[in-house]
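Taking it in order: structure first as structure tokens, then the write-up.
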Amino acid sequence: MTDDEKAVPYGPVPAGIAGIGHHVPDRVIDNEYFEKYLDTSDEWIQQRTGIVQRRWLAEDEKPSDMFVAAAEMAMEDAGVRPEDVDLVVVGTASGDYLAPAVACVVQARLGLPKCGAFDIMAACSGFLYALATGASFIGTGRYRNVLAIGGDAMSRLIDQEDRSTAVLFGDGAGAVVLQPHEVCRRGLVEDYVLGADGEGVPLLLRPKGGAAEPMTEEILRNREHFIHMEGRKVYRFAAARMIWLLDWAMRDQDPEELGWMIPHQMNRRILEQATAHLGIPPNKVLHNIQKYGNTSAGSVPILLSEGYRKGLFEKDKFLVLGAFGAGLTWAGARIRW
Ligand SMILES: CC(C)(COP(=O)(O)OP(=O)(O)OC[C@H]1O[C@@H](n2cnc3c(N)ncnc32)[C@H](O)[C@@H]1OP(=O)(O)O)[C@@H](O)C(=O)NCCC(=O)NCCS
């Protein structure tokens with residue numbers, strides 16, 4: 001295998017990240033908000049998770065508002081007009097409707113051509129699944145400008161009366177424009193990995209109100225349409241998978257060339273333990289869980305966009321993106337800047 005083949009396992013045309021954007025709602029929910037009606041405290045939340053505040057959509061806002069705003073920022077950054085886009089993929093578990101795909105809403109709102117538009121449901125791994133899918137479409141040589149979006153409106157899926165989940169999540173979205181790397185000359189998607197373990201479905205899910213058990217008054221009364229999570233078990237899965245993902249991304253790489261780790265923001269403790277375990281210096285890891293909580297599929301692209309806007313990414317160094325979530329799913333990508 002030549003070096004080139006090793007760098008481009010997903011098709012003959014390597015993909016690059018031509019533009020990046022993100023959006024979070026204006027409404028700030030701090031930890032004190034929960035102290036007023038739940039048996040919890042700012043201290044508990046900060047100590048166990050690292051979260052200080054999160055953003056939630058206002059009542060009259062929709063998830064697609066975030067996806068559209070993030071995509072517009074990414075398109076502007078890439079210098080891409082709506083008519084140039086030839087595919088839109090949204091990784092989310094919280095589109096505007098149960099069906100159809102929110103990607104179709106986004107396509108119409110952005111005034112894109114009648115290109116392909118579909119959602120990917122991989123929970124918190126959704127953005128990296130969308131990125132891998134978009135990079136693979138670019139890889140075929142048939143697509144030139146793919147919008148890969150990730151985000152969630154978790155405030156609409158959580159049981160706000162359940163202290164074990166309500167405090168953890170926030171709303172937000174991020175987006176990238178993918179192009180053939182020879183066109184945009186930056187953000188080479190060097191490699192990616194996707195995985196899932198369906199045995200873990202019961203650990204994190206919305207148990208009822210789907211097509212297996214359609215909504216009834218009893219389901220509503222029992223609040224079984226909201227997210228249910230076995231927090232401890234998910235924590236253990238995430239800690240082990242984070243180490244596995246970082247290990248995958250660093251294999252055969254020169255550690256000196258590591259630019260930044262951009263991990264899914266689910267729990268600050270997990271990230272600190274995983275990176276310490278692998279000897280990765282804390283100053284190589286980006287965090288924003290303190291500001292936004294866990295934004296599910298939004299967390300990796302928001303962090304990517306913030307890091308990019310701060311000018312942190314150096315040419316020829318690589319970024320490691322990693323996420324895991326319900327399914328259970330996980331995904332990683334190595335991006336050479
Ligand atoms: C949820 C999480 C923060 C809980 O931390 P933990 O150290 O594992 O705590 P436990 O779940 O063991 O709960 C310890 C106690 O805190 C309580 N607790 C849970 N949420 C609480 C809250 N918001 N405030 C105060 N106490 C809380 C529990 O009821 C439990 O009480 P008990 O010992 O009387 O039963 C942690 O498990 C976690 O981050 N899990 C992953 C969650 C996640 O991000 N999932 C998304 C996947 S992408």
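The values are calculated or read from the model by the stated rules, or taken from the named source; none is laboratory data. Because the structure is a prediction, the values reported are computed rather than measured. Cβ placement follows ideal geometry from the backbone for every residue including glycine, while neighbour counts extend to all protein chains displayed. Ligands, DNA and RNA are stripped out before the accessible areas are found, and what is left, the full protein with its side chains, is counted by its heavy atoms. Shrake-Rupley method; radii C 1.70, N 1.55, O 1.52, S 1.80 Å.
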Checklist outcome for this item: Of the residues in region 278-311, those that are hydrophobic (A, V, I, L, M, F, W, C) and open to solvent by 50 Å² or more (accessible area, probe 1.4 Å) number 1
Next on the checklist: Please pick out the residue among 122, 166, 196 that is in contact with an Asp or Glu (Cβ under 8 Å, 6 or more places away or on another chain), within 16 Å of the ligand (Cβ to nearest atom) and in contact (Cβ under 8 Å) with a residue 40 or more places away in the chain.
Outcome noted: 166
Next on the checklist: Restricting to region 169-193, and then to whatever is β-branched (Val, Ile, Thr) and over 17 Å from residue 241 (Cβ atoms), can you tell me which residue is farthest from the ligand (Cβ to nearest atom)?
Outcome noted: 183
Checklist outcome for this item: Residue set 266, 250, 229, 242; condition surrounded by 13 or more Cβ atoms within 10 Å (Cβ to Cβ), farther than 30 Å from residue 19 by Cβ and not assigned by TED's automatic domain parsing to the domain that holds residue 43; output residue 229
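This table checks each residue for (1) of a type in the set (Lys, Arg); (2) within 16 Å of the ligand (Cβ to nearest atom); (3) open to solvent by less than 10 Å² (accessible area, probe 1.4 Å).
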{"site": "100", "(1), (2), (3)": "no, no, no"}
{"site": "112", "(1), (2), (3)": "no, no, no"}
{"site": "132", "(1), (2), (3)": "no, no, yes"}
{"site": "144", "(1), (2), (3)": "yes, no, no"}
Checklist entry - Take the residues of region 202-224 that are open to solvent by less than 70 Å² (accessible area, probe 1.4 Å), over 16 Å from residue 267 (Cα atoms) and touching an Asp or Glu at 6+ places or on another chain (Cβ under 9 Å): which is nearest to the ligand (Cβ to nearest atom)? => result 203
Item to check | Unique match (being in the same structural domain as residue 242 (by TED's automatic domain parsing), farther than 30 Å from residue 337 by Cα and in contact with a helix residue (DSSP H, G or I) (Cβ under 6 Å, 6 or more places away or on another chain)) among 200, 209 | outcome: 209
Checklist entry - Quick one: in region 23-54, which of the residues that are open to solvent by 60 Å² or more (accessible area, probe 1.4 Å) and basic (Lys, Arg) is farthest from residue 297 (Cα to Cα)? => result 36
